[in-house]
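Shown next, in structure tokens, is the structure this report addresses.
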Amino acid sequence: MYQDDLWADSIAYPNDAEGNPAYAPFDPAHPSWQRMSRWADLGPNGERLRSEETKWVYMHPGTGWKIWHLAGPFRAREGVALARELEGIMHPEFEIRYSAGPYTVGEIPERVDFKKRQVAMGAVMNPNGNPERTEPASWWSYRMIEQDWWQSWSETVPGFLGCFTRTHGWRWLRIIQGEATKTTLSTDPVANGNNGITWNMVAHAPWPFYSKKSLTGVWKASQDQIDVHGIAQGIIPMANRGTWESWPKYLIRGTGTAQVQDGLSGRMITLPKLYAEDGAYMLVDTDPTKRTITTEKEPIDNEAARLMRNTQLLQVLLPDVYETAAAKLPAQRRIPGGIGFDGKIPPRTVAQLKVSHTNPRGSITCIMPQHYRMPWA
């Protein structure tokens, strides 16, 4: 006989809306057909699963990515909850720069500077905040909660503040501890058995936008895609679903020379040749503020390799030796003048990105970051 109360307990609503029995006779061999198959019988678990509340969570590698449920259905499950006020979570900080002159009526907007995001919040810390706590709160439980909470914050290592809504799903913000707490301790937090306090906190988000998981698209070269020049060509459709512009990344596999499209301009960018000594892949980041090209095994340049590359006659007489010397040069420096990308993908846009590869067995993976201005909308 199956004795688990979760399945064998009395049914809260045995009849349906028309008054007929909602379930077949109880069968101990298949109890799930009687329980956990109607929302009304799930109790608090069903209410949490169907909740339309906005959920806020926080996690940090300092405590093994422990999830702190700050608001929403599981609020204060770990002993910490958000106070009512939460400032700085919607629009990112920005400043419009204007130019003015003696003969100008008003001012002319020149550019918009986006600054770091500052999030001000109150962290209510109390073991009794968890309604499902099975043991009474004590000074010890308060101290352990407080210890884990502060270990989850750092001035240098970012944590992630996550927001979930039914309409827009999860969006994540990288934050660090921006300021020391200014909370005044008038009495001991554990005095008189209170075991609680509200900490005033300020978090900084150097990158002020929320993010979702990046979208990826893979193109694999094949024999039927090779043109008359011996180059395989294809298209990778990629969408920027975010509300902020995005710079795609490319992961090149297979030795040879590849080309990728520069944003929506249609201009093709020739990438440095990938050698076997570089490893299995080459990462290309089109963001101008990041390092453009990185290979799995970055080569170390030396005097002998530089001497062979500078000998132009060697390229004609001994091309194999010249190729060996070229492979010793980091990929970022193999193209004179470097590589520059100008094309970013606008928000809410689907891009048809052209790619090509000289290796018929090569592949190109496009990674499109998804950034959002706000936690929802």
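The numbers here are math on the coordinates, done by the rules we state, and not lab data. The model shown is predicted, which means the values in this text are computed figures rather than measured ones. Cβ placement follows ideal geometry from the backbone for every residue including glycine, while neighbour counts extend to all protein chains displayed.
Note the full-extension length gain between A377 and R267 as 0.36 nm times their separation in residues minus their Cα-Cα distance, in nm to one decimal. Show your work: numbers first, answer last.
Working: separation 110, 0.36 × 110 = 39.60 nm, distance 3.32 nm.
The A377-R267 span can extend by a further 36.3 nm.
Over the Cα atoms of the stretch 249-303, Rg to Rh with Kirkwood Rh, two decimal places?
Reported Rg/Rh (Cα atoms, Kirkwood Rh): 1.00.
Could you give me the radius of gyration and the Dmax of the stretch 53-208, taking only the C-alpha atoms into account and expressing both in angstrom?
Looking at the stretch 53-208, its Cα Rg and Dmax stand at 19.4, 74 Å.
Cβ neighbours within 10 Å, averaged per peptide: list 366-373, 19-26 in order, most packed at the top.
So the order, starting with the most tightly packed, is 366-373, 19-26.
Computed from the mean reciprocal separation of all distinct C-alpha pairs, what Kirkwood hydrodynamic radius does the chain have, in Å?
Result for the chain stands at 26.3 Å.
If I histogram all Cα-Cα distances within the stretch 24-134 using bins 10 Å wide from 0, what percent of pairs lands in each bin?
Pairs per bin, as whole percents: 11, 23, 22, 17, 12, 8, 4, 2, 1.
Net charge around G279, counting only other residues with Cβ within less than 13 Å of its Cβ (Lys, Arg = +1; Asp, Glu = -1)? Mind dumping the intermediate values first?
Numbers: positive: R253, K297; negative: E277, D278, E296, E298.
So the environment of G279 carries a net charge of -2.
Run the dipole for the chain about the Cα centre, Lys and Arg Cβ at +1, Asp and Glu Cβ at -1, nothing else charged, and hand back the magnitude in debye, nearest 20.
1040
What FRET efficiency would be calculated for the residue pair T187, N15, taking the C-beta separation as r and a Förster radius of 51 Å, to the nearest 0.05?
Result of the calculation: an efficiency of 0.40.
Determine which lysines satisfy two conditions relative to K220: a Cα distance under 23 Å, and not lying fewer than 8 residues away in the same chain.
Straight-distance partners of K220: K249, K273, K297, K354.
Starting from the Cα of K115, draw a straight line to each of the aspartates and glutamates and keep only those under 14 Å, dropping any in the same chain fewer than 8 residues away.
Of all the aspartates and glutamates, those that pass the test against K115 - Cα under 14 Å, at least 8 places apart if same chain - are E93, E95.
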